[in-house]
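No value in this document is a laboratory result; all are computed from the given coordinates. Bear in mind that the values here come from a model prediction, so they are computed numbers and not experimental data. Neighbour counts are summed over all protein chains in view; Cβ atoms, including those assigned to glycine, are modelled from backbone coordinates with ideal geometry.
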Amino acid sequence: MRTLRDRLQAGSHDPLHLVKGRVHEVEERRRNGFALYHAVRLAGPVFCIVLGHDRDRPMPGSLPDGVSERLHFIETKGETDLLWTIEEALRARPVSLVIAAAEKPISLTAGRRLQLAAEAGGTTGLMLIQEGRGSSAAETRWKCDPLPSPPDSTRHRWILSKNKRGTIEILDVSWNGTTAAVHLVPQAGERHQPEGPPR
């Protein structure tokens with residue numbers, strides 16, 4: 001199993017990199033895990049912004065080492081307040097990552113405003129969205145689902161389904177939920193089989 005570090009040392013690009021100064025989107029069942037992975041991975045303050053009545057929180061009660069002391073959690077009353085708070089957090093230069101969960105579809109105008117705010121602050125934004133409720137202004141869009149695996153395994157399929165700067169990718173990963181290390185797992189049809197004996 002190749003780790004992400006092995007892949008980078010071999011000269012490959014980082015397939016999980018989120019472009020700084022841009023807003024990205026993630027959907028499907030494991031979107032919270034994807035957000036937590038990037039909170040672990042990126043240094044600096046992390047803002048998590050949610051609606052007050054939303055109980056599907058991106059950040060669990062128990063956080064990996066190094067995240068809780070950098071995390072700023074904000075609840076808003078409504079969608080308008082949520083978008084305004086996201087913009088303000090994205091504009092704040094010391095912030096490294098803004099994670100936010102919106103209930104309603106993100107309009108093109110709202111998406112562009114968020115991109116301008118991220119660019120102004122040099123901040124990475126990650127919007128947790130419901131399927132089909134993203135903005136065409138998003139830099140990338142990810143789909144994150146669990147993979148069937150043994151009970152002690154943490155395998156996921158992270159699909160880069162939209163990418164303004166390159167190709168889309170399907171990545172099967174194994175991540176333990178506590179560190180910035182992730183293992184890229186070969187997909188079923190890509191496993192290398194040993195050659196048979198010569199005839």
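Observations on the model:
- For the pair K164 and F73, label points projected 7 Å from Cα toward Cβ lie 3.2 nm apart.
- Under-5 Å amide H pairs with L51, H placed in peptide plane, nonlocal only: T76, A101
- Sequence-distant lysines (8 or more away, or on other chains) whose Cα lies within less than 17 Å of K77: K104
- Sequentially through region 78-88, phi angles give Karplus couplings (6.51, -1.76, 1.60; θ = phi - 60°) of x, 5, 5, 5, 4, 5, 5, 5, 4, 4, 5 Hz, Gly and Pro residues having no value and appearing as x.
- 20 Å cut-off, amide nitrogen to a point 7 angstrom out along L108 Cα→Cβ, residues in region 9-51: 23-25
- With the simple model of a label 7 Å out from the Cα in the direction of the Cβ, K20 to R93 spans 1.3 nm.
- For A138, no residue whose modelled amide H falls within less than 5 Å of its own remains once neighbours fewer than 5 places apart on the same chain are excluded.
- For region 37-124, the list of trypsin sites (Lys or Arg not before Pro) that fall in a loop by DSSP and count at most 12 other C-beta atoms within 10 angstrom reads R55, K77.
- Cleavage-rule hits (GluC sites (Glu not before Pro)) in region 128-175: DSSP loop, at most 12 neighbouring Cβ within 10 angstrom: E131
- Only Lys, Arg (+1) and Asp, Glu (-1) charged, at Cβ; region 81-140 dipole about Cα centre in debye: 100
- Under the Karplus curve 6.51 cos²θ - 1.76 cosθ + 1.60, θ = phi - 60°, whole-Hz ³J(HN,Hα) for region 25-36, x wherever Gly or Pro sits: 10, 9, 9, 5, 5, 9, 5, 5, x, 4, 5, 5
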